[in-house]
Amino acid sequence: MSQRPLSSFELEQCLENCLDAVLSTRRTAEAPASELSAFTRRQQEFVLHWLDVIVSSNSEMGFQFVSHVPEALRLLPVPEVEKWIIHFMDVYDREGLYPGSAAVRGVGLFAQECRIESMAVDFSSIVRVLEHFIRGLSGRGLKLEAGEHVFTDTGHIYLPARLAVFVSEKMNFRLYKATAAHLWAQTQFGTFRSTRNGTGLMKVCAGFPQRTRACRLLNALETVRLNACIERELPGLYLEMMALQRELAPIEYPPQWQPSLHRLRKPAATVQDTVDELRRLFSCRQTPPAAFCFQGDLRLEDTETAMRGRQQQEKRAFRLWLRQIALDLKAVEAARETGSAVRFAASWERAPDPQQEMSLVLQFDGTPIDPPDDMQLLSRSILQDFGEIPHDYLMPAGDAAYPGTSRPADLPSNVWEGSYHEEGAHLYNEWDFRRQHYRKDWCVLREIDVHPSDEPYVDEVLRRYSGLISELRKTFEMLRGEDRIARKQSNGDDVDLDAVVEAYADMHAGMEMSERLFTKRRNLERSMAVVFMVDMSGSTKGWINDAERQALVMLCEALELLGDRYAVYGFSGITRKRCELYRVKRFDESYGEAVKRRISGIRPQDYTRMGVIIRHLTDMLEKIEARTKLLITLSDGKPDDYDGYRGEYGVEDTRQALIEAKYRGIHPFCITIDKEAHEYLPRMFGAVNYVVIDEVNKLPMKVADIYRKLTT
Amino acid sequence: MQKLIPGTTLDGRTLKTEEFIVRDEPYYEPQGAEIELFHAAYTNQIPVLLKGPTGCGKTRFMEHMAWRLRRPLITVSCHDDLTASDLVGRYLLMEGETRWVNGPLARAVQIGGICYLDEIVEARKDTTVVIHPLADDRRVLPMEKTGELLKAPAEFCLAISYNPGYQSVLKDLKHSTRQRFVAIEFDYPPADLETTIVVRESGLAEDIAARLVKFGGMTRNLKGSGLDEGASTRLLVHAAKLMVSKVSPRTACRGAVSEALTDDPDMRAAINELSSSLFA
Ligand SMILES: Nc1ncnc2c1ncn2[C@@H]1O[C@H](COP(=O)(O)OP(=O)(O)OP(=O)(O)O)[C@@H](O)[C@H]1O
Ligand SMILES: [Mg+2]
């Protein structure tokens, strides 16, 4: 096909051929033909092709089409023009010629909508940036989610799945940001803090005859207050938010609102002032002004339910911290003896400069105690809700607050009858925190092989995640590829001049001349030995087990590349008499078929008793020659066994075993999969390095990533 | 701002470290009792370990202490190729003769100066062998090559720094090393103090400096949730200096802070949004 555009004469002939039926002496194809001659041959062919198609339905539609397609081609790219054609033919099919040709003529409007659509911003494209942004603002993370309603329940911020309010991507992004910031401000500046008489906003609104109107008015008033807070704290953001609103329509307040505006904009205004103003304006029969574009809803019921759940958790966590502090102070025993309760006092210290965060000051018996950072963070969240630490938070938690302890312990105790013996088993001590000493040879551990599976699991993972794995290999190759010049070698590729000079000088000084006079390019000697200890307890059933196996496959692939020595063991068991360590890959075994079949054979078994396993693997690592030794545990974090190994006991023994490992020159690192981020984790793993992963599907990449960071 | 005044005698390219006397008082804003603590350790001849994240004023503190104690300060930035003989010394050939040349550590011992080994964990493992006898009550530096033992005078002080923030197990300080030192912990100063520092170091107006410090705090909120480290005082001082040179605040924050902190585009975008929230 020639690329030369058709001339207007040639085009007119083509059009006439097609449109013969609807043309006349007064209605010719001359004008459209001349316009179309200005387009490329490809665009012309496109028009002629579609003309054929359209005329086969209706000639008049064809004429309308050629008259407007030049405009369409100027406004839209070809694929969008095609959408327009399909759109108007659809109208024609459904509604007939008149609406059909109107749709053809409406090409300008169609183009505008297309443009708006192409400027739309999706939630998924902004969620990561905004989540970081919100966390940066105050340090407290709020989870962002797309939802039907735009609001916050103080734990989440729900945003629209898509925004196309403005004809610019940048503006739509800003609207997302402004909305998230406004909802963040509700949590930060105490919208949901209880008011003077201790009631929440839900009760306040319920007290009005027209609940919905009251709630709308409340939202509008509270927005005045929050805007002022944002203006003071984040002036740049404030200007942006106002500019967005101006772009749409400025918000005008009726004259009766002036006193409210004045009051709510004061730095000291709280939600109580908002409620007072609501009462005043409600009785004036005021309808609220239009909502700001970033305002969102107040869904007080949802928010209060979510808050109650979170507050309970925070209360428990706070009291657990107190318990820990009380234990460290040995105050618990003292109180038990005297029969009194352990009580703390809390107050707040505000730095002279108001920009700064308040900090918690704890006192026990008049002695100030420095709260740990995590507790400090937690207390700030409590402060946001209550403006203080409520009285009942200041009682240290009792034993029952630890997980698992509330479960009945009346399980059958002799699972052992018949076959029990201790031959060939390893015996280990266990730490009893109540008595503060070890129970000697308390645990009986055996090593057994994982039952290999014939499923082609590993190959499947390799196939399914080939992209991820090759990416992973690249990052690990870079590690390995870090060639460096080793100085003072006894042989090598080049002479080490510095060494020669030094040796020569040494020789002159009467010393023996060194032979180490060469440089050599070589990979950094990594001399690393690592054991992975994988949770095979019953609680890993399902997702976690699968993620663990997948993580192992990816790790093995990466570690094979690095050449680090590694071993993989699974663990589980029932009671102290039957702790089981499942061999997946020993140090001296290569990553071959047998290992792969064992990885695919990893299945959830029974309970979790981590201390004994850590002690056994520490012994094992100690016998290995390597400069750096790592023990990486992969678990769902719940210490839990049949015979009382749960709650505080299990937490304390696990902690103790990790500390022992550390003192024996091993670097333990704990990876925990736990959606709820339980409060006892810092206690259990805090003495060593650990991370909590809340999304199971991220585990495989995360584990490899952690390993890389740990060892470079 | 160069506080280390090399003496007038510059022979060739060697700087005579003996003359690293800090003449003018280096500006240092104490955060707690660190000055008293260091002083007490010094008088008791106990070596000092400075712990803390990058750019929080450790080096500045050492310069300040050297000035207070009127001792020369010799700083060695450790790297992974730094060997024991780089610290202790080596024989060199000069005009057909061999001459022993002291390394910075030996020189500091000889003249009773303060030797500051910055980022000690980066050094090769054999360096710890030479600092151990110097860091306990023997206070001697073994010089393997010459067969001598250098006894440190009372004025000598060994200080090392260490950033515990690294995750890597390879960069962990061994217990046998750390337990020889009195540890002083540093962190980024509280906001009002940090503002004072930024103002002093850059000449930026106080209200803008306060906002900049607030921005720094925001980036520190992100530590552990996508950022390995938040902005250090040093980065804030850099940003402030750019602003004083008429760079717009947003651009200054972008250049001095967000680009320096991360390569992750989403994180960088978020940090830029944070700075534009504060600076119109
Ligand atoms: N307390 C302080 N008083 C005065 N200036 C300070 C203080 N803290 C930080 N600074 C400023 O921060 C800058 C960086 O500090 P410095 O170089 O001492 O950091 P550092 O802790 O040694 O960092 P690194 O670990 O990266 O070597 C200093 O140049 C100074 O401008
Ligand atoms: Mg420094």
Within segment B:193-223, track down each residue that is more than 17 Å from B:Pro249 (Cβ to Cβ) and within 16 Å of ligand 2 (Cβ to nearest atom). B:Ile197
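Out of all the residues in segment A:621-631, is one or more away from every other protein chain (no Cβ under 14 Å) and in a loop (DSSP other than H, G, I, E, B)?
yes
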Please name all residue pairs, on different chains or six or more residues apart, with Cβ atoms under 6 Å, provided the first residue is in segment B:58-69 and is closer than 18 Å to B:Ile120 by Cβ and more than 14 Å from chain A (Cβ to nearest Cβ) and the second residue is in a helix (DSSP H, G or I) and more than 14 Å from ligand 2 (Cβ to nearest atom). B:Met65/B:Phe38
Can you tell me which residues in segment B:198-231 are out of contact with any helix residue (DSSP H, G or I) (no Cβ under 6 Å at 6 or more places or on another chain) and over 14 Å from B:Ile271 (Cα atoms)? B:Arg200, B:Ala205, B:Asp207, B:Ile208, B:Gly224
Determine the pairs where a residue that is on the phi > 0 side of the Ramachandran plot, located within segment B:199-219, has a partner that is open to solvent by less than 30 Å² (accessible area, probe 1.4 Å) with Cβ atoms under 9 Å apart, the partner being 6 or more residues away or on another chain. B:Gly203/B:Ala240
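I want to confirm something. Restricting to segment B:46-58 and keeping residues that are within 15 Å of ligand 1 (Cβ to nearest atom) and not in a strand (DSSP E or B), which single residue is nearest to the chain's Cα centre (by Cα)?
To start, the set of residues in segment B:46-58 that are within 15 Å of ligand 1 (Cβ to nearest atom) comprises B:48-58.
Narrowing further to those that are not in a strand (DSSP E or B): B:52-58.
Working: B:Gly52: 10, B:Pro53: 10, B:Thr54: 8, B:Gly55: 8, B:Cys56: 9, B:Gly57: 7, B:Lys58: 5 Å.
Out of the qualifying residues, it is B:Lys58.
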Restricting to segment B:247-257, and then to whatever is within 16 Å of ligand 1 (Cβ to nearest atom) and within 14 Å of another protein chain (Cβ to nearest Cβ), can you tell me which residue is surrounded by the fewest Cβ atoms within 10 Å (Cβ to Cβ)? B:Ala252
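Restricting to strands (runs of 3 or more DSSP E) lying wholly in segment A:337-381: which have 1 or more residues that are at pLDDT 75 or above and within 11 Å of chain B (Cβ to nearest Cβ)?
On the way: elements: A:344-349, A:359-364, A:367-369.
Hits in segment A:337-381: A:359-364.
Can you spot a residue in segment B:193-209 that is at pLDDT 85 or above and at the interface with chain A (Cβ under 8 Å from one of its Cβ atoms)? If you could, list the steps in order and put the result at the bottom.
Narrowing segment B:193-209 to residues at pLDDT 85 or above: B:193-209.
Then keep just the ones that are at the interface with chain A (Cβ under 8 Å from one of its Cβ atoms); that gives B:195.
Yes, because at least one residue in segment B:193-209 is at pLDDT 85 or above and at the interface with chain A (Cβ under 8 Å from one of its Cβ atoms).
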Take the conditions at pLDDT 85 or above and either under 25 Å from B:Gln31 (Cα atoms) or surrounded by fewer than 19 Cβ atoms within 10 Å (Cβ to Cβ) (or both) and apply them to B:Pro164. Does it pass? no
Which residue pairs have Cβ atoms under 8 Å apart, sit 6 or more places apart or on different chains, and have a first residue in segment B:111-140 that is not assigned by TED's automatic domain parsing to the domain that holds B:His64 and a second that is away from ligand 2 (no atom under 16 Å from the Cβ)? none
Where B:Glu122 falls short, out of the listed (1) open to solvent by 30 Å² or more (accessible area, probe 1.4 Å); (2) within 14 Å of chain A (Cβ to nearest Cβ); (3) more than 16 Å from ligand 1 (Cβ to nearest atom): (3)
Of everything in segment B:70-96, what is within 16 Å of ligand 1 (Cβ to nearest atom), surrounded by fewer than 19 Cβ atoms within 10 Å (Cβ to Cβ) and away from chain A (no Cβ under 12 Å)? Give them in sequence order. B:Ser77
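Any idea which of B:Leu141, B:Leu117, B:Leu105, B:Leu134 is within 16 Å of ligand 2 (Cβ to nearest atom), open to solvent by less than 10 Å² (accessible area, probe 1.4 Å) and either on the phi > 0 side of the Ramachandran plot or away from chain A (no Cβ under 14 Å) (or both)?
Values: B:Leu141 fails: within 16 Å of ligand 2 (Cβ to nearest atom); B:Leu105 fails: within 16 Å of ligand 2 (Cβ to nearest atom); B:Leu134 fails: within 16 Å of ligand 2 (Cβ to nearest atom).
When all the criteria are applied, what remains is B:Leu117.
So, B:Leu149, is that one of a type in the set (A, V, I, L, M), exposed (fewer than 15 other Cβ atoms within 10 Å of the Cβ) and within 30 Å of A:Asp506 (Cβ to Cβ) or not? Don't jump to the end; show me each part of the working.
Values: of a type in the set (A, V, I, L, M): yes; exposed (fewer than 15 other Cβ atoms within 10 Å of the Cβ): yes; within 30 Å of A:Asp506 (Cβ to Cβ): yes.
Considered against the rule, which asks whether it is of a type in the set (A, V, I, L, M), exposed (fewer than 15 other Cβ atoms within 10 Å of the Cβ) and within 30 Å of A:Asp506 (Cβ to Cβ), B:Leu149 comes out as yes.
Look at A:Arg232 and say whether it is within 14 Å of chain B (Cβ to nearest Cβ), in contact with a Phe, Trp or Tyr (Cβ under 9 Å, 6 or more places away or on another chain) and either crowded, with 22+ Cβ neighbours inside 10 Å or in a helix (DSSP H, G or I) (or both). Quick ask: steps written out before the conclusion?
Numbers: within 14 Å of chain B (Cβ to nearest Cβ): yes; in contact with a Phe, Trp or Tyr (Cβ under 9 Å, 6 or more places away or on another chain): yes; either crowded, with 22+ Cβ neighbours inside 10 Å or in a helix (DSSP H, G or I) (or both): yes.
Here the answer is yes, as A:Arg232 does meet what is asked.
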Kindly provide the set of residues from segment B:167-192 that are outside any loop (DSSP other than H, G, I, E, B), out of contact with any Asp or Glu (no Cβ under 8 Å at 6 or more places or on another chain) and modelled with pLDDT of 85 or more, ordered by number. B:Val182, B:Ala183, B:Glu185
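Looking only at segment A:449-468, filter to residues that are among the hydroxyl-bearing types (Ser, Thr, Tyr) and out of contact with any Lys or Arg (no Cβ under 8 Å at 6 or more places or on another chain); which one of those is farthest from A:Glu580 (Cα to Cα)? Before the answer, list the steps.
Narrowing segment A:449-468 to residues among the hydroxyl-bearing types (Ser, Thr, Tyr): A:453, A:457, A:465-466.
Narrowing further to those that are out of contact with any Lys or Arg (no Cβ under 8 Å at 6 or more places or on another chain): A:465-466.
Details: A:Tyr465: 31, A:Ser466: 33 Å.
By that ranking, first place goes to A:Ser466.
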Breaking point among (1) out of contact with any helix residue (DSSP H, G or I) (no Cβ under 8 Å at 6 or more places or on another chain); (2) under 22 Å from B:Arg180 (Cα atoms); (3) within 11 Å of ligand 1 (Cβ to nearest atom), for B:Phe61: (1)
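Being more than 20 Å from the chain's Cα centre (by Cα) and either more than 15 Å from ligand 1 (Cβ to nearest atom) or open to solvent by 20 Å² or more (accessible area, probe 1.4 Å) (or both) narrows it down to one of B:Ile208, B:Ile197, so name that one.
Numbers: B:Ile197 fails: more than 20 Å from the chain's Cα centre (by Cα).
Of B:Ile208, B:Ile197, the one residue that is more than 20 Å from the chain's Cα centre (by Cα) and either more than 15 Å from ligand 1 (Cβ to nearest atom) or open to solvent by 20 Å² or more (accessible area, probe 1.4 Å) (or both) is B:Ile208.
If only one of A:Leu617, A:Leu630 is open to solvent by less than 10 Å² (accessible area, probe 1.4 Å) and modelled with pLDDT of 90 or more, which one is it? If you could, list the steps in order and put the result at the bottom.
Working: A:Leu630 fails: modelled with pLDDT of 90 or more.
None of the other options fit; the residue is A:Leu617.
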Matching residues, segment B:51-68, being open to solvent by 30 Å² or more (accessible area, probe 1.4 Å) and either touching a strand residue (DSSP E or B) at 6+ places or on another chain (Cβ under 8 Å) or β-branched (Val, Ile, Thr) (or both): B:Lys51, B:Thr54, B:Thr59, B:Glu63, B:Trp67
Could you list, in sequence order, all residues of segment B:59-73 that are more than 14 Å from ligand 2 (Cβ to nearest atom) and outside any loop (DSSP other than H, G, I, E, B)? B:Trp67, B:Arg68, B:Leu69
Every residue in segment A:23-48 that is within 60 Å of the chain's Cα centre (by Cα), over 14 Å from A:Val78 (Cα atoms) and assigned to a loop (DSSP other than H, G, I, E, B), please. A:Ser37, A:Ala38
Are any residues in segment B:220-246 without any contact (Cβ under 8 Å) to a residue 40 or more places away in the chain, open to solvent by less than 50 Å² (accessible area, probe 1.4 Å) and assigned to a loop (DSSP other than H, G, I, E, B), and if so, which ones? B:Ser225, B:Ala231
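The values are calculated or read from the model by the stated rules, or taken from the named source; none is laboratory data. Since this is a predicted model, take the numbers as computed values, not measurements. With ideal geometry, Cβ positions are generated from the backbone for all residues, glycine too; neighbour counts draw on all protein chains shown. Areas reflect the complete protein model, heavy atoms only, side chains present, ligands, DNA and RNA absent. Shrake-Rupley method; radii C 1.70, N 1.55, O 1.52, S 1.80 Å.
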